[in-house]
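Here's the structure we're looking at; comments come further down.
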Amino acid sequence: MEIGVLFADVRGFTSMAEEIGPKAVAELLNRFYESASAILNRSAIIDKLVGDEVMAIYIPQLFGVEASEDDMLRDARELLAEVGSWLRLGIGLDVGRAYVGNVGSGEVKDFTALGDVVNTAARLQASAEAGQIVMSGRLYDRLSARPPDATATTLELKGKQEPEPAWIMDVGPAAILRA
């Protein structure tokens, strides 16, 4: 089915965790997860909370909408606005076809999405710097209004055979105030 995927990852988390101690790490991650849940659960399903990363799946049919591309960008902006003053976050976004359902065997099963769209969103997120949203050209082309602050680029993504057209948005404090 056609879905959207958002990955948000804390930058510099390993160094931060080394300095602040386990209890403070747990408190910080819980605060991040709480913010992400409040924002993302309006239009998406949070698929994974893995360490310092959140994966959300946008399935328009579940939310009774025709498309979720605009929601994805709105949520990414809001997440950066919400946590940007206390966490360094990078976000990757993509849309495309995926398998969505249960995977696993026996007692261990997981509801998730699998496919190139998931891998590409993860790789776009990996290329995002703190305060950036990196979205695929596919997502950008489907937005109802193209963000004027997005910059076109082409990225070499790990494991991908061809360079990926992408758009980068810097959502630092000044950009958040303009949005």
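The values are calculated or read from the model by the stated rules, or taken from the named source; none is laboratory data. Bear in mind the structure is a predicted one, so any value in this text is a computation, not a measurement. Quick reminder, even Gly has a Cβ in these numbers, built from the backbone with ideal geometry, and neighbours come from all protein chains shown.
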Among what's in region 15-72 and is surrounded by fewer than 13 Cβ atoms within 10 Å (Cβ to Cβ) and of a type in the set (Asp, Glu), pick the residue that is nearest to Arg138 (Cα to Cα).
-> Glu66
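Residue by residue, here is whether (1) at pLDDT 95 or above; (2) surrounded by fewer than 20 Cβ atoms within 10 Å (Cβ to Cβ); (3) of a type in the set (Phe, Trp, Tyr); (4) farther than 24 Å from Asp52 by Cα holds:
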| residue | (1), (2), (3), (4) |
| --- | --- |
| Ile91 | yes, no, no, no |
| Val95 | yes, no, no, no |
| Ile133 | yes, no, no, no |
| Tyr140 | yes, no, yes, yes |
| Arg146 | no, yes, no, yes |
| Ala174 | no, yes, no, yes |
How do the pairs read when you match residues in region 29-47 that are within 18 Å of Thr112 (Cα to Cα) with residues anywhere that are surrounded by 17 or more Cβ atoms within 10 Å (Cβ to Cβ) and of a type in the set (S, T, N, Q), using Cβ under 6 Å and keeping only pairs 6 or more apart or on different chains?
-> Ser43/Ser68; Asp47/Thr112
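For Asp47, state whether it is on the phi < 0 side of the Ramachandran plot and either more than 13 Å from the chain's Cα centre (by Cα) or assigned to a strand (DSSP E or B) (or both).
Details: on the phi < 0 side of the Ramachandran plot: yes; either more than 13 Å from the chain's Cα centre (by Cα) or assigned to a strand (DSSP E or B) (or both): yes.
Against the criterion (on the phi < 0 side of the Ramachandran plot and either more than 13 Å from the chain's Cα centre (by Cα) or assigned to a strand (DSSP E or B) (or both)), Asp47 qualifies.
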Looking at region 57-79, which of its residues are at pLDDT 95 or above and aliphatic (A, V, I, L, M)?
-> Ile57, Ile59, Met72, Leu73, Ala76, Leu79
Residue tally, condition touching a Gly at 6+ places or on another chain (Cβ under 9 Å) and under 17 Å from Val134 (Cβ atoms), over region 88-117 = 9
Specify which of the listed residues (Ala126, Ala81, Ala130) is in contact with a helix residue (DSSP H, G or I) (Cβ under 9 Å, 6 or more places away or on another chain) and more than 20 Å from Glu2 (Cβ to Cβ).
-> Ala81
For region 54-83, how many residues are more than 14 Å from Met169 (Cα to Cα) and either charged (D, E, K, R) or more than 11 Å from the chain's Cα centre (by Cα) (or both)?
-> 15
